[in-house]
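This report refers to the structure that appears directly beneath it.
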Amino acid sequence: MRLLLALVLFPAAVQAAVVAIDVGHFIEEPGATSARGRPELEFNRDLALDIEAAARARGLKTMLIGYDGFMSHLTGRTAAAAAADFFLSVHHDSVQPQFLESWEFDQVERPFSDLHSGYSLFVSRKNPALKRSLACASAIGEALRGAGFTPSLYHADPIPGENKPFADKKNGVHYYDNLIVLKTARTPAVLLEAGVILNRDEEMRMRSQEVQKRIANAVGLGLERCLSKRF
Ligand SMILES: [Zn+2]
């Protein structure tokens, strides 16, 4: 009887949810370039591995998508994740080109911008599971804030290229309806921009293994909390 009650009350605890962790970008188009010249793909790979470890440590199952850098078709990523329960795309952020300045690093002139910093999270209203997508984005944002990180907020600025309205301002969640992986996902889906790698200080934080682990642990905690909820 007690077991039966537990099964009724905690069905998600009985069967571990599968989280697809998507490594944003691929070798031919590796995303943003950091203030010191490192491609975003490499940041995404490192963090995705840490998120995978953190999610597994909390009893979630995982699948890693695009780690080899050859997944050039975005819809192939969501198709590969069709059997999962949740899709998390891992990225690092840039800024609009008008904010870029230049500096010399390692004898190379490189663009940077120290204007913005922080994480942001995106969900699409075209995703078939918006409610859980948003609940998970909010839970991840809440856990990141709890771990000492700050939402960047600038993606809501009323300028070309931004204008992404807040879905949950406090936790740094925006609507980005036409983002391909979010709207083609057959599962709830969230895209994480972990930090702004064009920002010279934030780039160094994002390269720190200690910071990567703290981000990953927070993401794991947020996922565990939202995926165990019933909708
Ligand atoms: Zn990206």
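Laboratory data are not the source of any read-out in this text; all were calculated from the coordinates shown. This one's a predicted model, so the numbers in the text were calculated from it and none came from an experiment. Cβ coordinates were reconstructed from backbone atoms using ideal geometry, including for glycine residues, and neighbour counts include every protein chain displayed.
Listed values, structure above:
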| quantity | calculated |
| --- | --- |
| Per residue, the convex hull volume that the Cα atoms of the chain enclose (Å³) | 118 |
| Net charge contributed by nearby residues that have their C-beta within less than 13 Å of Ala84 (K/R +1, D/E -1) | +1 |
| The chain - percent relative contact order, Cα under 8 Å, separation 6 or more | 28 |
| The stretch 114-199, relative contact order in percent, only Cα pairs under 8 angstrom and at least six apart counted | 48 |
| CD proxy at 222 nm, helix term only [per DSSP H run n ≥ 4: -39500 (n - 2.57); per residue of the chain; nearest 500] | -11000 deg cm²/dmol |
| For the stretch 158-212 and the stretch 67-136, distance of Cα centres in Å | 6 |
| Full-extension gain in nm, Asp114 to Arg56, via 0.36 nm per residue minus C-alpha separation | 17.4 nm |
| Neighbour-count order for Glu42, Glu193, fewest beta carbons within 10 angstrom listed first | Glu42, Glu193 |
| Among Asp106, Asp68, Asp168: highest mean-square fluctuation, GNM of the chain, C-alpha pairs under 10 Å | Asp106 |
